[in-house]
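The structure under discussion appears below in the form of structure tokens.
The values are calculated or read from the model by the stated rules, or taken from the named source; none is laboratory data. As the structure is a computational prediction, the values presented were derived from the model and not from experiment. Counting neighbours? That spans all protein chains shown, and the Cβs are built from the backbone with ideal geometry, glycine included. Heads up: the accessible areas ignore ligands, DNA and RNA and are worked out on the full protein's heavy atoms, side chains in. Shrake-Rupley method; radii C 1.70, N 1.55, O 1.52, S 1.80 Å.
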Amino acid sequence: MQRFHVTTFGCQMNVHDSERIKGMLEAAGMGEAPAEDEANVLVFNTCTIRERADDRLVQHLNAARIRKEREPDLRVVVAGCWAESVREAIFRDFPWVDAAVGPGRIGALQTVITAPAGAERGAFGSFDDFAADLPKRRERHHQAWLQLSMGCNSVCSYCIVPSVRGRERSRHPRDVLAEARLLAAEGVTEVTMLGQNVNSYGRDLPPAERCTFAEMLRAVDAIDGINRIRFMSPHPKDMRGDVIEAMAECDAVCNQLHLPLQSGSSRILKQMRRTYDADRYLELVARVRAAIPDVALTTDIIVGFPGETEADFEETMRVYDAVGFDHAYTFIYSSRAGTEAASFDGHIADDVKHERLSRLVELVQQHAALRNAALIGTVQEVLSDGPSRREPTVFRGKTRGNKTALFSPPAPAGTIVSVQIEQSTSQTLRGTQAIPVTA
Ligand code: SAH
Ligand code: SF4
Ligand code: F3S
């Protein structure tokens, strides 16, 4: 039997695409190998957001080449955003790659994977379908991704995503809701809605079929069995009052918001083409906090964008401090060929970028420790994910605010429990299970 192994490099979109890839390969009669070296079909689902993602992939491809010299039947398949960015050149530069598909063409994977030698080995470019009806293989029984849209219409000057994922296309609300109901019937309690810009959902649909993001939140909230709704990522420019109201009013929508800031300098935000400035972002945060006082806020920040001065960076630190985020993903600017910012003047030296990043990371940790410590003494609802990897007698799960909580006594994965928080670090909360909320 053919045995496959999928390695995922990218964001949640890619993780979700990998579930479809696995589902498709299983439907084609293959089985999943427990480890990469036991598989005879290797799939790399790639990312190209930063240069480092590309470098990691090349290491994997080189290792696959060495294996293939010994095992000529080994099949090497490349999917995802990097495949889309290099297209047919992949077969020239990495001739041992057997098949490749872009993120919009996952449905073609089975055809290209089984193509006879000499036939078409790649499927890139246009988007075939949401592949929503493709079989999926979920990692967790009680949690699922719910894809709302594909692609992105923003023009952030640093970002490669629009060129590899294409224009934004919203899934039909009927299909999204049918999937959500099916998930609930299968026992899923938590869904995370996905889109590059999830809150612009629906704008490209014909008026008669249009459903806004806020309406979608309410519709999924109304489905029995779905107790937790998260989403990512919203763009601050599209975070309107109706979404904030829906978040505050829907019981299932978690008190958590990932709101990418990117920079605290209004001058840099303009160069990034983010279309908001620092003051507008801070006003938005104030509105969200007024409606959802215990909201956990996380963000994405890029340091060392071309032309970023020390004063610009200090603005980022100031805005970060003013918001007091719960956590942040921090990135060093990486120039991507074909993006607008790649041709900007004033690229920043690596040592300056690293020095700024370390100052920012320190601030991120300080605020994370403070925000978590503020939860000591509270009771948090935790969805158990089962035993912790490091301490098998302790169980772990996520709070509604999306924080990792370690707790005892144990509760099976998928159970929702109440945990009295007794300790915290910048990364985790720890406590004792109180009375069960639901089973
Ligand atoms: N669509 C989502 C995610 C985009 S990629 C959004 O807009 O929020 C995730 C993060 O990667 C971005 O938010 C940004 O902070 C970072 N990123 C994107 N391009 C980058 C680049 N060229 N260099 C460094 N970080 C980048
Ligand atoms: Fe990239 Fe901006 Fe679109 Fe996010 S919103 S995917 S950062 S272009
Ligand atoms: Fe995601 Fe990377 Fe593609 S961040 S959208 S997998 S380039």
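Here are a few things to note about the model shown:
- Within the accessible area of the chain (1.4 Å probe), percent carbon and sulfur: 51
- Contact order normalised by residue count of region 149-268, Cα under 8 Å, 6+ apart, percent: 23
- Taking region 3-124 and dividing mean pair separation by its residue count, relative contact order in percent (alpha carbons under 8 Å, at least six apart): 23
- Pairs of lysines in the chain whose Cα atoms sit within less than 30 Å of one another amount to 13, provided the residues are eight or more positions apart or on different chains.
- In this structure the chain gives 43 Å² per residue of accessible area when probed at 1.4 Å with all protein chains present.
- Ranking T114, V15, T48 by how far each Cα lies toward the positive end of the dipole of region 3-124 (charges on Cβ) leaves T48 at the top.
- Over the residues of the chain, the helix contribution to mean residue ellipticity at 222 nm works out to -10000 deg cm²/dmol, using -39500 (n - 2.57) for each DSSP H run of at least 4.
- Among the cysteines of the chain, those whose beta-carbon sits 4.7 Å or more from every other cysteine beta-carbon are C11, C47, C81, C152, C211, C250, C254.
- Furthest towards positive pole of dipole, V285, I223, I160, structure part the chain, Cβ charges: I223
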